[in-house]
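Working notes, beginning with the structure itself.
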There are 2 protein chains.
Amino acid sequence: MTPSFEIRLAKCGARVEVALDALLAARAGPGELARPARLLAAMRHAALGGGKRLRPFLVVETAAMLGARGARVLRAACAVECVHCYSLVHDDLPAMDDDDLRRGRPTAHKAFDEATAILAGDALLTLAFDIAAAPPTHPDPAIRADFTLGLARASGLGGMAGGQMLDLDAERHEGAFTRKHVELLQAMKTGALLRFSVEAGAILAGASAAERKALNEYGRALGAAFQIADDILDAEGDTVTLGKRAGKDAGRHKATLVGVSGIEGARAIRDEFVARAIRALDMFGDKAGVLAAAARFVAAREF
Amino acid sequence: MTPSFEIRLAKCGARVEVALDALLAARAGPGELARPARLLAAMRHAALGGGKRLRPFLVVETAAMLGARGARVLRAACAVECVHCYSLVHDDLPAMDDDDLRRGRPTAHKAFDEATAILAGDALLTLAFDIAAAPPTHPDPAIRADFTLGLARASGLGGMAGGQMLDLDAERHEGAFTRKHVELLQAMKTGALLRFSVEAGAILAGASAAERKALNEYGRALGAAFQIADDILDAEGDTVTLGKRAGKDAGRHKATLVGVSGIEGARAIRDEFVARAIRALDMFGDKAGVLAAAARFVAAREF
């Protein structure tokens with residue numbers, strides 16, 4: 001990766017951190033009766049102080065490419081990140097993946113307790129829709145409703161939550177998976193929210209139908225490349241680099257493309273998706289340099 | 001209760017059941033990749049076949065009083081009910097209230113498993129916002145955004161989820177509670193969504209600021225009466241009538257108004273709230289008969 005891309009990503013991450021910190025302030029907002037301290041602390045533990053903030057970056061950079069910038073876009077980016085953070089908290093629970101470490105820190109149910117972690121996830125998911133629907137995110141309610149709807153579709157039964165279900169089903173499953181099944185699972189579990197992060201930027205910037213179509217193709221391919229890179233990382237990485245337990249996929253009969261196609265096969269498929277993502281940006285010309293770099297970045301990542 | 005009120009409530013419940021059944025159909029909707037069977041089954045288990053549907057009734061009857069009826073209002077009512085059903089699934093989890101029975105049937109984590117129940121709750125919560133933000137709920141995106149925002153505020157950190165946190169905190173707490181603390185807890189845990197159900201009807205019908213203010217007062221008082229009636233029922237009821245375990249509040253150091261004020265004291269406070277709810281309806285005259293009956297109903301309920 002070029003250093004300038006990494007710097008740009010880090011700067012965006014820092015802005016997201018500041019914005020999330022403000023959204024998770026101790027004082028109750030309009031329409032709220034109180035912000036119970038323990039629940040707020042668990043939400044802050046889950047949402048602050050970590051992560052590359054890739055999804056917010058995709059929201060912000062897609063919107064910027066199309067001419068939309070500033071506090072509104074950052075709020076929308078935070079809404080998407082709240083959904084991502086909630087999903088990590090719930091996925092880490094003992095009844096799910098049972099992980100003690102996340103980004104090198106104790107997971108929410110370890111730092112607090114299981115009940116608090118479940119509630120913190122619930123409240124982060126709810127906060128995402130609070131942010132999405134609130135006027136400061138965009139003055140046009142049609143854009144807010146469109147954004148909210150897309151976020152819900154990407155996150156629910158037919159998207160991320162459904163993908164997590166397929167992932168749990170796979171662990172209980174005996175025998176081999178098909179590539180098609182693994183790709184559906186991954187398109188839902190991690191792909192849907194990554195794809196929507198790109199779409200969100202397009203929605204906020206009032207993109208044309210043609211622009212949205214191209215960006216959807218880009219987001220879909222980027223999401224696929226991201227997840228395959230994650231599978232490869234899990235198969236090859238070590239716990240220190242990852243900040244979470246490595247090698248857990250094979251130990252648990254997870255459905256991964258490394259399992260289906262082997263490491264070399266998975267690398268080839270990953271590279272194919274990166275190329276497809278970059279091709280989808282053709283219509284935007286030089287303006288799409290950052291998004292193209294993002295596609296290369298997710299494939300090369302060691303995080 | 002007059003038989004006509006009970007019939008009206010039951011008819012509304014039947015319409016809600018049909019609408020929820022359609023929303024939870026097997027076929028993937030627009031923007032969804034698939035609807036994984038096990039997750040859908042758990043969501044259906046949690047959302048269908050039970051409950052008085054009091055919150056949807058409040059949405060529908062408030063809107064009807066102000067002149068709005070039909071499929072749109074019913075969709076909004078279903079969105080509120082999805083939030084309610086998600087909260088029951090998560091509250092019943094082993095890490096929370098650890099209940100095996102709900103409406104006389106096994107709770108979601110008993111009928112399925114814990115991971116599936118967590119995901120089913122997550123996906124029902126997400127579905128609520130999907131329904132709220134989608135065009136068929138109202139043609140005016142400003143109304144959809146307003147409805148979505150209110151639903152999120154009533155459900156999250158500063159509302160229902162925060163109230164559940166205070167409830168769990170109370171169980172760990174040694175010593176007595178103040179009436180003020182119990183009332184805040186209850187206003188958040190059950191009050192916020194009941195109050196919002198009424199407000200939702202007002203939003204959908206395009207109510208004036210004065211109408212919204214009066215209906216907010218009504219909804220707040222009704223919510224308080226509801227929860228006190230629940231405390232009384234738990235202290236006096238038996239498991240067969242309730243379809244869930246009775247007497248569990250005292251056994252667990254729950255913060256209730258019966259605990260703070262005794263049964264007779266709680267009854268008096270409940271009746272005070274019912275009277276306040278009915279007074280708040282003054283400006284609507286005879287049109288408010290059903291809402292007044294609803295306030296008496298929640299206080300007299302044996303369910």
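No lab work stands behind these numbers, since they all come straight from the coordinates. Bear in mind that the values here come from a model prediction, so they are computed numbers and not experimental data. Backbone-built Cβ (ideal geometry, glycine too); neighbour counts: all protein chains shown.
Ascending distances from the residue B:178 label point to its copies in the other chains, with the point 7 Å along the Cα-to-beta-carbon line: 6.4 nm. Within the listed set B:267, B:38, B:72, the Gaussian network model of chain B (springs between alpha-carbon atoms below 10 Å) gives the highest mean-square fluctuation for B:38. Shown for the protein assembly as shown is the translational diffusion coefficient from the Stokes-Einstein equation, using the Kirkwood radius over Cα pairs, a temperature of 20 °C and a viscosity of 1.002 mPa s: 87 µm²/s. For the stretch A:193-232, the Kirkwood hydrodynamic radius from C-alpha pairs, put into Stokes-Einstein at 37 °C and a viscosity of 0.692 mPa s, yields a diffusion coefficient of 318 µm² per second. Per residue of A:23-30, other chain Cβ atoms within 10 Å of the residue Cβ number 1 on average. Pairs of Lys residues in chain A that lie 8 or more places apart, or on two chains, and have C-alpha atoms under 20 angstrom apart add up to 13.
Take each residue of peptide A:55-62, count the partner chain Cβ atoms within 10 Å of its Cβ, and average: the result is 0. Mean partner shielding of peptide B:164-175, defined as the number of other chain Cβ atoms within 10 Å of each residue Cβ, is 4.
Per residue, the convex hull spanned by the Cα atoms of chain B measures out at 121 cubic angstrom.
Modelled spin labels at residue A:11 and residue B:22, positioned 7 Å past Cα toward Cβ, are 5.1 nm from each other. Taken about its Cα centre, the protein assembly as shown carries a charge dipole of about 1320 debye when Lys and Arg each add +1 at the Cβ and Asp and Glu each add -1 at the Cβ. Given R₀ = 30 Å, what would the calculated FRET efficiency be for residue B:179 paired with residue B:213, taking r from the Cβ atoms and rounding to 0.05? So the FRET efficiency works out to roughly 0.75. Its alpha carbons considered, the stretch A:155-205 gives a radius of gyration followed by a Dmax of 12.9, 46 Å. Once you reduce the stretch A:1-36 and the stretch A:141-198 to the center of their Cα atoms, the two points are 25 Å from each other.
On alpha carbon coordinates alone, what is the Rg over Rh value for the stretch B:103-180, Rh being the Kirkwood radius? Radius of gyration over Kirkwood radius for the stretch B:103-180 works out to 1.11. Between copies, the label points of residue A:7, set 7 Å from Cα on the Cα→Cβ line, lie 7.7 nm apart, reported in increasing order to one decimal in nanometres. With Rh defined as the Kirkwood radius, the inverse of the mean 1/r over Cα pairs, the Rg/Rh of the stretch B:95-225 is 1.03.
In the assembly of identical copies, residue B:48 has its label point, taken 7 Å from Cα in the direction of the beta carbon, separated from the corresponding points by 4.4 nm (ascending, one decimal).
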